[in-house]
1. Assuming a strict under-28 Å limit between Cα atoms, what lysine pair count do you get for region 214-491 once near-sequence pairs (fewer than 8 apart, same chain) are dropped?
2. Do you know the relative contact order of the chain, to the nearest whole percent, from alpha carbon pairs under 8 angstrom that are 6+ apart?
3. Given labels modelled 7 Å from the Cα in the Cβ direction, how far is it in nm from HIS111 to THR412?
4. Expected output is a single nm value to one decimal: the length gained when fully extending between VAL78 and LEU162, i.e. 0.36 nm times separation in residues minus the C-alpha distance. What is it?
5. Let me know the shape class of region 263-388, please: from the alpha-carbon gyration tensor, a ≥ b ≥ c as square roots of the eigenvalues, rounded when a/c is under 1.5, otherwise prolate if a/b is greater than b/c, or oblate.
6. Label the chain by shape, choosing from rounded, prolate and oblate, from the square roots a ≥ b ≥ c of the eigenvalues of the Cα gyration tensor; if a/c is under 1.5 it is rounded, and otherwise prolate applies when a/b is larger than b/c, oblate when it is not.
7. Run down the aspartates and glutamates and flag those whose C-alpha is under 15 Å from the C-alpha of LYS64, throwing out any fewer than 8 positions away in its chain.
8. Pulled fully out, how much extra length does the chain show between ASN85 and ILE369, if you take 0.36 nm times their separation in residues and subtract their Cα-Cα distance?
Amino acid sequence: MIAPVPFLLTPFLLRHLGTQGFGAWAVLLSINSLTSLADIGVMGTLTKHVSEHYTREDYTNLNKVVNAGILIFLAVAVMGVLVVNLAAGFLISVFFRNVQVSHAQLQFVIHVLTVGIALNLLTYPFSSVISGLQRLDFINLFWALNTIITAVGAAFFVSLGLGIEGLVYAIVLTSSLLFILNIAVSRHLLPQLRVRPASVRWSDIKKLSAFSSQIYVSQMATAVYIHMEKLLLAHFTGLTAAGWYDIANDLATKIRNVPALLITPLMPAAAELDARQDDARARELYYRAHKYLAFVGVGMFLVVALLAHRFVELWLGTGFDGTARALIVLAGVQIGNLVGAPALLILIGKGILQPAVRVALVGMTGTLIVSTTLIARFGFTGALYGTSVSVLGAAAYLVFLFHQETGYAWGTLLKTYAKPLLLGTCLGGLSMHLFPIGRLHWGGMICMSLGLTAVYAFMLLWLRYFDELDLRVLERFMPIPEVVRESSLFS
C-alpha cells in the first residue's frame, strides 16, 4: 500500500517547495521521530509485560503496567513539549540555516510540531497493548496509515499554498487520527483493560522503569542510526544534501520494512515462550526468523542493486547518480541491520538485556564519532561510509553476543545465509551481462524484477532451502500444487 508514496510525494514536494523546502521536510520528520526517544524504553517493556500477563490471564497486573505506562507517557509528553518549545531557537540555528523562511514562521512550525509529538507519545501505551497481544495486523495497518495519511496531508496542505506550515499540519493530523485509532482498537481487543492512571502506585512505576531503562539504550541507538546522518548533513553541508540523503534513506527504509514485517512478532512471541519455558521452540523461532530474513532480504537487495541507477534516472531525471548510489548502500545497510534484530527481540522477550545495552552503547558512540568525522570531511559520501561502518558493525557484534549468551550454534546460522547470498551474487552477475539495464523503461524494469524474483525463488526451491513446515506456512497464502510437494526437491 505504501510503495507508491515516496515515488509520488518526492517529486511533488521538490516541484512545489524546492530542494531547501524538501530538506526542511526531512529535518521536521527527523525531529518528530527522534522524540520517540522520550519513551525511555517503556513501550518495549509494556509490550513484553502485556504478552506475559495476557498469556497467564493475569488481568490485574496487566492493567497495572498499562496504567503505569499511561501515567509515565503523560508526564513525558508534557516534558517533551516544553523542551522542544524551549529549544526552538537552537533547532532553527543549527538545522535551518540559510533557509528563505522567516525566523518567526519557523518558530511557529516547531511549536505546532510539538502537538504531534505529544500525541505520538500518548499513543504508545495503547500501541503496546495491541503489539503485546500479537495483533500485528493492526500494528502494520497503522504503520501504513501513518505513511499514507502524512503524505496525502502534506500534498493537500502544500497544494493550498501553505508551504512548510502545511507539512507540519500533515504531521499533526496523522498523529491525531492514529491516537484515536490506537485507543479504540486496544479497548476492543482487550475488554478487560481499565484506564485508571489514578490507581497507579509509585512502586508500579519504579518496577516498570527498572526494566525500561535498559531497553531505552537500544531504542536510542536505533533512532541515532536512522536520523543522525540527515541532521549532521543539514548542519555541515546544508538542507539540500540532507534532502538528497533523505530521498535515498526513505526508499531504503521502506524496502527494509518488507523483511522487517517478518520479525515484528518476535518479541511478544519470545516473551510468551519464555513464560512457558519452551526453549526448544524459542531456538526454532530464532533460526526460522533468520531463514525468512535471508530469503526475502537478499532477494530484495538483488533487485535494488541491479535497478537502482536506472530507477532513479527515470524517476527524478539525470544527474542523480549520488542518490542512486546512496540508495544501494543504504538499502544494503538497512537490510544488513536486520540480521541483529532477531537476537535483540528474543533477548528482550527473555528479559536478558545486558548484551543489547552493550551493543547499543558501542554502536551509538561509534555512529556519533565516525559519522560526524566523515561527514565533516567528505560530506554526502562520508554519511554513507559512516552509517555503513557503525550500523553493520553493531549488528554483527549483537549477533556474536547473542550466540555467546544462548549457546546457539553458529554453523546453523551461517548455513541459513549461504545459499541465498551465493545465489543472489550469481544471478546479479549474470543479469548485468545479459540484460541492457541502462536502457530499460518502467515496463521492462517491472518485468525484470518479477522475472528475477521468480528465478531466485525457484532456484532456492531446487536447492532444497525450504522444508515441509515452510510449505505449510506458504499454503496459508497460496495453494501448493501436489506435483510440487511430491517432487524430489522436497524429498
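1. Taking region 214-491 as the scope, the lysine pair count is 8.
2. Values: 604 pairs, mean separation 88.5, N = 491.
Result for the chain is 18 percent.
3. Reported label-point gap for HIS111 and THR412 is 5.9 nm.
4. My answer for the length gained is 27.5 nm.
5. oblate
6. It comes out oblate by the Cα gyration axes.
7. Within the straight-line cut-off, LYS64 pairs with GLU52, ASP204.
8. Full extension of this stretch gives 99.5 nm more.
Where a number appears in this text, it was derived from the coordinates with a stated rule and is not lab data. Just so it is clear, the model here is predicted, and its values are computed rather than measured. For neighbour counting, all protein chains shown are included, and Cβ atoms are generated from backbone atoms with ideal geometry for every residue, glycine included.
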